[in-house]
Amino acid sequence: MISISEAGRTGRFSIHDLTGETAGGELRWRVLRLLNLFRAIAAGVFTLLYFQDSPQPFGSHQPALYLWTGIGYFAFTVIASFALRTRRPGLRWQAYVHLVVDATAIILLLHASGGQSSGLASMLFIAVAAGSILLGQRLALAYAALASLALLSEQTLTQLENLERTFNYTASGIMGAIFFATALVGSWIAERFRESEALATRRGVDLANLSQVNNLVIQNLRTGVVVLDENNHIRQINAAAMRYLDLNGSPKGREMTVSSALSQLVERWRSARDETPENFRGPDGSLFIPTIQTLNGHRDGSLMIFLEDAETAAEKVQQMKLAALGRLTASIAHEIRNPIGAISHAGQLLEESAGLDTDDRRFLAIIREQSSRVNEIVENILQLGRRERIRPERLEVTSWLRDFVMECCDTQDLAHDAIELDTTGDEVFVRIDPGHLRQVLANLIDNAKRHAGANEHGELVKLRLSQNASASTVWLDVIDHGPGIPDEIVSRIFEPFYTHSRTGTGLGLFIARELCECNHATLKYGQDFDGRSCFRIRFQDEQAWLT
């Protein structure tokens, strides 16, 4: 039996024959089953003919031998049917036994019926033809020779039993020649069948591989993919589309009534001439950009719909711009660092000079402060060039946050209750570079310290760790006690060099988000129920790092 199985972790398929035979074994098993069916019918007919009242056409020479041969022949078919069902013993041994039994039984029936005049010798053609398919060419010719010798031996034995009769050995010779011709032609045809079956099996495996690859690619796309038939029934859908449309279970074959907005969009597109459908909002209010393609060239036929999250698409464009800007500023920073160092060093030397008046010292202080600020900007920009050097590890983030809060309060001279930590108390694991996570949280806490300040209880920020029910998604909220960021500037807070502070560099939030993204995490801004600023770090599922 030819089966297709997945081989190990490679996701590839392999062809293997459960009997250990080469490709084409399934064809041989089918031939054996057909031969056994023919054998059962023939043996049953021969046995029943013995019990008829009219003159018997067969078995007149030796009735007892004819009867017991027919019964034994039929009994063998019953046993062979069970062996064929279990496929034990193997194909080769069953083929040998079947062909030998066929030749022996036919010769015995032929002899019991008076020899070749009974016409039973023609049944050997079926056995020889089956042998040409079950065996190779050499063995098929050997079986044809065996059948010819058995036929000649039976005729010789019959003549010895009745010396008065005249026998025609020429007919037996012609019959043997036909056996050889049948074996040659049958083996050639069988070889062509085996090659065709092997080719069909290989093509089937290729198609199975291609189908699996297509399914894996489609299911892992971040773009939603939905295939609809002409009645708007869902025939194929990937995980992203199910998430976008808020579907559960398997919606294949269901009418697409789960999203009225998408249903209306499809109906309008089918009836309109415009090739570009309008954007629509999903069940959760997210905006999606649909692209509709016909599968058969007709708008009223099957459709494939691609759904892209508009926010994600805008973020990709923005990230491309920011990445280009980051590379440009990093190259500039290398050129600025040395002149700024020289200016700062010259200012320090001038401060040590005698006879400087008040105005001179004030100007030198400005030079020192601004040089320090430019140097800080340069250091921040150079960090962006080192963001690819991540060392992610499986981190138990609950205990890590406790240590971080104590360390942060000590190093930044904060009260021990200035940072509130809210966790579930259970062990929560994420995969991230601990150094990068420490830098992100430090930037966010410093940002809250500069722009929000502490509340009346001296609390600066609140760190709240949460996860969903299946523990597949973990996020960390950094909540300050300020009035929140005005809506008109929220879209720009992650842009580099954008700041309202006279002393800020405008790179803190930009660097924090860049570090999150290189660790497969996301950093977004929002507001809690009290209107306070909330920066959420959403960690990626650990399994996603393995794909």
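The values are calculated or read from the model by the stated rules, or taken from the named source; none is laboratory data. If you're wondering where the values come from, they're calculated on a predicted model, not measured in any experiment. Positions of Cβ are backbone-derived with ideal geometry, glycine not excepted, and every protein chain shown enters the neighbour counts. Ligands, DNA and RNA are stripped out before the accessible areas are found, and what is left, the full protein with its side chains, is counted by its heavy atoms. Shrake-Rupley method; radii C 1.70, N 1.55, O 1.52, S 1.80 Å.
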| said: I'm trying to understand the selection: among the residues of the stretch 376-406, which are open to solvent by 20 Å² or more (accessible area, probe 1.4 Å), at pLDDT 75 or above and over 15 Å from Cys516 (Cα atoms)? | reply: Arg394, Glu396, Ser399, Trp400, Arg402, Asp403, Met406
| task | Give me a count of the residues in the stretch 211-236 that are at pLDDT 85 or above and open to solvent by 20 Å² or more (accessible area, probe 1.4 Å). | result | 1
| task | Go through the residues of the stretch 387-400 one by one and say whether even a single one is closer than 21 Å to Leu507 by Cα, touching a helix residue (DSSP H, G or I) at 6+ places or on another chain (Cβ under 8 Å) and not in a loop (DSSP other than H, G, I, E, B). | result | no
| said: Take the residues in the stretch 475-501 that are of a type in the set (S, T, N, Q) and open to solvent by 40 Å² or more (accessible area, probe 1.4 Å); name whichever of them is farthest from the chain's Cα centre (by Cα). | reply: Thr499
| query | What pairs come up if the first residue lies in the stretch 407-425 and is surrounded by fewer than 13 Cβ atoms within 10 Å (Cβ to Cβ), the second is modelled with pLDDT under 85, and their beta carbons are under 6 Å apart, counting only those six or more places apart or on different chains? | reply | Ala415/Gly458; His416/Cys409
| task | Looking at (1) within 44 Å of the chain's Cα centre (by Cα); (2) among the acidic types (Asp, Glu); (3) in a helix (DSSP H, G or I), find the lone condition where Asp410 falls short. | result | (1)
| task | Considering only the stretch 237-262, state which residues are surrounded by fewer than 16 Cβ atoms within 10 Å (Cβ to Cβ), outside any loop (DSSP other than H, G, I, E, B) and either modelled with pLDDT of 80 or more or hydroxyl-bearing (Ser, Thr, Tyr) (or both). | result | Ala239, Ser260
| query | Identify, please: which residue in the stretch 178-187 is in contact (Cβ under 8 Å) with a residue 12 or more places away in the chain and open to solvent by 30 Å² or more (accessible area, probe 1.4 Å) and is, among those, farthest from Leu152 (Cα to Cα)? | reply | Val185
| Which residue pairs have Cβ atoms under 8 Å apart, sit 6 or more places apart or on different chains, and have a first residue in the stretch 453-474 that is farther than 15 Å from Asp417 by Cα and open to solvent by less than 40 Å² (accessible area, probe 1.4 Å) and a second that is outside any strand (DSSP E or B) and of a type outside the set (S, T, N, Q)? | Leu465/Val397; Leu465/Leu401; Leu465/Val428; Thr473/Asp541; Val474/Val397; Val474/Val428
| His436 being touching a helix residue (DSSP H, G or I) at 6+ places or on another chain (Cβ under 9 Å) and closer than 25 Å to Glu379 by Cβ | yes
| query | Does Leu160 meet the test of being part of a helix (DSSP H, G or I) and surrounded by 15 or more Cβ atoms within 10 Å (Cβ to Cβ)? | reply | no
